[in-house]
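Below: one structure, written as structure tokens.
Values quoted throughout were computed directly from the atomic coordinates according to the rules given, and no laboratory measurement underlies them. Model, not experiment: these values are computed from the prediction. As a convention, Cβ positions derive from the backbone with ideal geometry for all residues, glycine included, and neighbour counts pool all protein chains shown.
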Amino acid sequence: MAKGSDLLVAALENEGVDRIFGIPGEENLDVVESLRQSTIELVLTRHEQAAAFMAATHGRLTGKPGVCLSTLGPGALNFTTGAAYAYLGAMPMLMITGQKPIMSARQARFQIVDVIAAMRPLTKMTRQIVSAASIPTLVRDAFRIATEERPGPVHLELPEDIAAEEADVALVPSHPIERPVANPAAIERAAAMILQARRPLVMIGAAGNRPRLVEPLSDFVRRTRIPFFNTQMGKGAVTGGSNLYVGTAALSERDYVHEAIDSADLILSIGHDTVEKPPFLMGRVAGGPRVIHVGYVSASVEEVFHPDAEVVGDIGTTVTALADRLGGRLDPEPGLLEMRQRILARINDRAEENRFPVTPQRLVHDVRAVMPEDGIVCLDNGMYKIWFARNYRTHVANTLLLDNALATMGAGLPSAMMAKLVHPERRVLAVCGDGGFMMNSQELETAVRLKLDLVVLVLDDQAYGMIRWKQAVDHFPDYGMTFGNPNFVTYAESYGATGHRVTSTNALAPTLEAAFAAGGVHLVAVPVDYSENTRVLVEELGGHAPRTEPG
């Protein structure tokens, strides 16, 4: 016989869980005691939202669900932003929340809200555990559902009396699940369409950026030699500094990379998930490129994305089969490759400009200079995300983590903390606007307590800069977007971290380098000049201001 909480923790150990992130409450005390006696580390955070962001990032980086824990009511509801972050971003995650006893009601309705109902639209599965005997089965099912394509968050609610209830039941062993493969006829049809095209172009989207796809996708690009671009969340899916990379579609239209997109007669869209802001718009121009969708699941047909053909099945198997049929039979279109040089040169314009405050182009340039090829940059959400998506060159897969699905503020620091826990041997940098950073800045204490070597770069413009800029572009009065900041140096020191203030552009890279070399948690604050937003993204591109979260 074993009590429910012991069964829960044993089932988690059975799934290979080594850490749980969160803040327990009194309804979780049996679970906390079971964790104390287990091989699983309980990582206490300072807000449940941060725990959920960390668990989701674990899923994103490893392909295996991260696990987070909270109490009932207010603690559980603090998971909802993290749940949506994982749901839209397709990150496998398990949330475990507590609840009052369900066989008695000695506290009446105190703190009780319907968390199951709240989680239903934000998860792939949400269940209340009503008997200890069902725990091993539910945990196994939760991990299977979280991991299956399309991956995402799942939720289990464990009432206090069920956690204490005893049952005699065995754990459920896991087994490999092979993903369905595409119909050979669909692969042949796609190969024929590509061979008939004069200027094919590959696009890699969010679902193409899974850890298990690095090798097959990189091999596909090498063998077919088709030029490629990516969406924001597809960035970094292909390893190596390929001379076929055309750019990143950080905007939906009229950016430099859209010169190549508009000139293509066929786009092979690998893993595009329409939760992202559209990387290009279909249906706007008659005779535009034909589109083939390659995905684990069929395409979401949208006003701006309605492919002409689909190859549905395991993406890795599909691109390998396509490479077998296309390898050696295609040559890069000279015009596209010449255009690539112009596109990348224009993107790198003014990357070494010395004016202060620092421009976004110089910021990206200097971050790239201090980060090794396998170093990981984790972005919060704000205007700088578009500049990093456009300008930051990745050479190793999964080394630029950004959120272009929910696009929430507050995830940058927790995401970076998780990246460092997964890859302790690598440099990890969080890049946050002052607005997004302050939403979860309390997690500096968690990072210090975990003894992480982590650098946090805070861009200081004392405003929700993205929305303030959009407000100006749309000719609204400047109102309601500015605030004051703490002294970031002393703020970092109050948590036991080290603070730095950059006072000249030429000091940015040396300050970051010194922080990494010293070890420990460092916060580097730098003023940023966003006037380049208007010069490049409005005047030069002749487009409209992009839409994203402030920060």
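Considering amide H positions built from the backbone, and no H for Pro or chain starts, which residues 5 or more places from Val43, or on another chain, come under 5 Å of its amide H?
Ile20, Phe21, Gly22
For segment 51-133, which trypsin sites (Lys or Arg not before Pro) are in a loop by DSSP, counting at most 13 other Cβ atoms within 10 Å?
Arg106, Arg109
So what are the ³J(HN,Hα) numbers for segment 299-311, from phi and the Karplus equation (6.51, -1.76, 1.60; θ = phi - 60°), rounded to whole Hz, Gly and Pro as x?
5, 7, 7, 10, 4, 10, 8, 8, x, 8, 8, 9, 10
With angles folded into 0 to 90 degrees, how steeply does helix 334-347 sit against the dominant principal axis of the chain? Use alpha carbons for both and round to 10.
70 degrees
Considering only DSSP beta bridges with both partners in segment 2-167, what is the antiparallel share in %, to the nearest 5?
10 percent
Using the 10 angstrom Cβ neighbour count as an exposure proxy, how do Met95, Met438 rank, fewest first?
So the residues, fewest neighbours to most, are Met438, Met95.
Enumerate the calculated ³J(HN,Hα) couplings along segment 36-42 in order (Karplus 6.51 cos²θ - 1.76 cosθ + 1.60, θ = phi - 60°), each rounded to whole Hz, writing x wherever the residue is Gly or Pro.
Listing the rounded values in order: 4, 9, 10, 8, 8, 8, 8 Hz.
Using Cα pairs closer than 8 Å and at least 6 residues apart in sequence, work out the relative contact order for the chain, in percent.
It rounds to 13 percent for the chain.
Report, in degrees rounded to the nearest 10, the 0 to 90 angle that the Cα long axis of helix 360-370 makes with the longest principal axis of the chain.
Between helix and principal axis, roughly 70 degrees.
Can you tell me what share of the DSSP beta bridges in segment 285-429 is antiparallel? A percent to the nearest 5 is fine.
Counting DSSP beta bridges with both partners in segment 285-429, the antiparallel share is about 10 percent.
Binning at 10 Å from 0, report for segment 2-167 what percent of all alpha-carbon pair distances ends up in each bin.
Pair shares across the bins are 12, 45, 36, 6, 0.
Kindly write out, for segment 114-125 in residue order, the coupling ³J(HN,Hα) from the Karplus curve 6.51 cos²θ - 1.76 cosθ + 1.60 (θ = phi - 60°), rounded to whole Hz, with x marking Gly and Pro.
Working through the residues one at a time gives 7, 5, 4, 5, 5, 7, 4, x, 10, 9, 7, 7 Hz.
Could you tell me what percent of the DSSP beta bridges with both partners in the chain are antiparallel, to the nearest 5?
On the way: 4 of 70 bridges.
Counting only bridges with both partners in the chain, antiparallel ones make up about 5 percent.
Let me spell out the model: positive unit charges on the Cβ of Lys and Arg, negative unit charges on the Cβ of Asp and Glu, origin at the Cα centre of the chain. What dipole size does that give, in debye rounded to 20?
Roughly 940 debye, rounded to the nearest 20.
Count the net charge of all other residues whose Cβ sits under 12 Å from the Cβ of Pro136, scoring Lys and Arg as +1 and Asp and Glu as -1.
Result for the neighbourhood of Pro136: -4.
Give the residue list of chymotrypsin sites (Phe, Trp or Tyr not before Pro) in segment 446-525 that are DSSP loop and have at most 15 other beta-carbon atoms within 10 angstrom.
Filter output for segment 446-525: Tyr479, Phe483.
What is the distance in Å between the Cα centroid of segment 84-111 and that of segment 396-452?
Here the answer is 25 Å between Cα centres.
Extension gain Asn14-Thr503, at 0.36 nm per residue separation less the Cα-Cα distance, in nm?
170.9 nm
Please pull out the direction-averaged projected area of the chain, using the convex hull of its alpha-carbon atoms, in nm² to one decimal place.
25.7 nm²
Within segment 204-295, report the chymotrypsin sites (Phe, Trp or Tyr not before Pro) that DSSP leaves as loop and that have at most 13 other Cβ atoms within 10 Å.
none
Amide H of Met125 versus every other amide H placed in the peptide plane: which residues, excluding those fewer than 5 positions away on the same chain, fall under 5 Å?
His155
Please order Val172, Val9 by the number of other Cβ within 10 Å, starting at the fewest.
Ascending number of Cβ neighbours within 10 Å: Val172, Val9.
Which ordering of Cys68, Cys432 is given by a fewest-first count of other beta-carbon atoms within 10 Å?
Cys432, Cys68
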